[in-house]
Amino acid sequence: MTNEYTPPAVWTMDSENGGQWASINRPDSGARHEQSLPVGEHALQLYSLATPNGQKVTIMLEELLAAGVGAAEYDAHLINIGEGNQFSSGFVDVNPNSKIPALVDNSGAEPINVFESGGILLYLAEKFGHLIPTDIALRTKVMNWLFWLQGAAPYLGGGFGHFYAYAPEKFEYPINRFSMEVKRQLDVLDKQLAKGSFIAGEEYSIADIAIWPWYGNLVLGNIYSAAEFLDVTSYKNVMRWAKAVEQRPAVQRGIIVNRSWGEAWEQLSNRHSAADIDKVLALKP
C-alpha cells in the first residue's frame, strides 16, 4: 500500500483541491460575473488588495506624493479576492489575468490599463520621473533587481507560503524544497545589501519598493508567521534594510491602503485622499 500520487494521463479538475483559496481557483480565465468597476475623481484609479503585490503600488504612489508629485493622487478601490471581485467583467477588462493590482490611468486622451505589479512600478517611475535612475548603468542595476523580484517572489508566495501556511495538509518535500529556495534568496539579498544601504546601491528605488513587501515583510514577521522557522535574524543586512524601509512615512501609509484585516489603525479598505490615511493612522496607539 502506498500513498504516492500517480498523475492521470490527462489532468482534469474534478473537485476543489482544498486550502484557503480553493473556492476561487479554476483552470479557466475570463469574467465570471458582470460588474463594472467604481471610478473616483483622480486620474489614477487603482484596484487592489494589501497583499505584498498590492502594497508595492500603494507604497510607490505614497512615495511619489511625498516627493511632491501632485499628479500621483489616486483612488484605491478594494478588490476582495476571497469573494472573487477579480473575476468581475470590469476588472477582467483592465487585467485579463484576473490578478491584483490593476491600474487605470485616465490622464490622457484614452485610458491606459496597466497590470502586473512590477509593470505598474516601472510605468509610474517612468511617467513621473522618480525612483528610477537616468544613468544607464544605475538604471540597469535597478531593473536587474526588479526583474529578480518578479521571478523570485513566486517561490516565496506560491511556493513556500502556500505549502507552509495555506495548504490543507503539510508535506515535508514541498516545505523543505521551498524553504531551501527562500533561504537561498535571502542569502542573495543579504550579500547584495552588504554593498549598500539599498538594493541597488545608495539610492532608494523601485527595486526596494518591489522587494520590501515580500522579503521585508517576511523577515519582520508580517507574513506566513515563518520568521523563526527560517531563522531570518541570521540575515543581518536584510534585517537592517527591512527595518529602515519600514520606517519611511510613505511605506507606513501605503501598507494600510486596501487592507481589510488587522487592527483598526491598519485598515483602509478604500482610499480617495490623503485625509483617509491620516484618519486611520490617527487611531494607532
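Every number in this text was worked out from the coordinates using simple rules, so none of it is lab data. Everything numeric here is computed off the predicted structure, so don't read it as measured data. Cβ atoms come from the backbone with ideal geometry, glycine included; neighbour counts cover every protein chain shown.
Annotations for the structure displayed:
- Relative to the current alpha-carbon distance between Gln35 and Ala71, full extension at 0.36 nm per residue lengthens the span by 10.1 nm.
- If you sort the three axes of the alpha carbon gyration tensor as a ≥ b ≥ c, you get a/c of 1.5 or more for the chain and a/b no higher than b/c, which makes it oblate.
- Axial C-alpha extent at least 18 Å, average Kyte-Doolittle at least -1.0 - helices from the chain (DSSP): 52-66, 136-154, 172-193
- Using a simple spin-label model with pseudo-atoms 7 Å out from Cα toward Cβ, Phe128 and Ala109 lie 2.6 nm apart.
- Inter-centroid distance (Cα atoms) of the range 209-285 relative to the range 165-181, Å: 25
- If the chain linking Asn80 and Thr140 were pulled fully straight, counting 0.36 nm for each residue of separation and taking away their Cα-Cα distance, it would gain 18.1 nm.
- Distance between the modelled labels on Gln267 and Tyr173, one decimal in nanometres: 4.1 nm (7 Å Cα→Cβ projection).
- Given R0 = 35 Å, the distance between the Cβ atoms of Lys279 and Asp187 translates into a calculated FRET efficiency of 0.25.
- The range 136-254: proportion of alpha-carbon pairs further apart than 25 angstrom, %: 21
- Fraction of antiparallel bridges per DSSP, the chain only, in percent to nearest 5: 60
- FRET efficiency, Asp231 to Asp28 (Cβ-Cβ, R0 45 Å, nearest 0.05): 0.65
- Here the spin labels are modelled as points 7 Å beyond Cα on the Cα-Cβ line, and at Ser15 and Lys195 they lie 5.1 nm apart.
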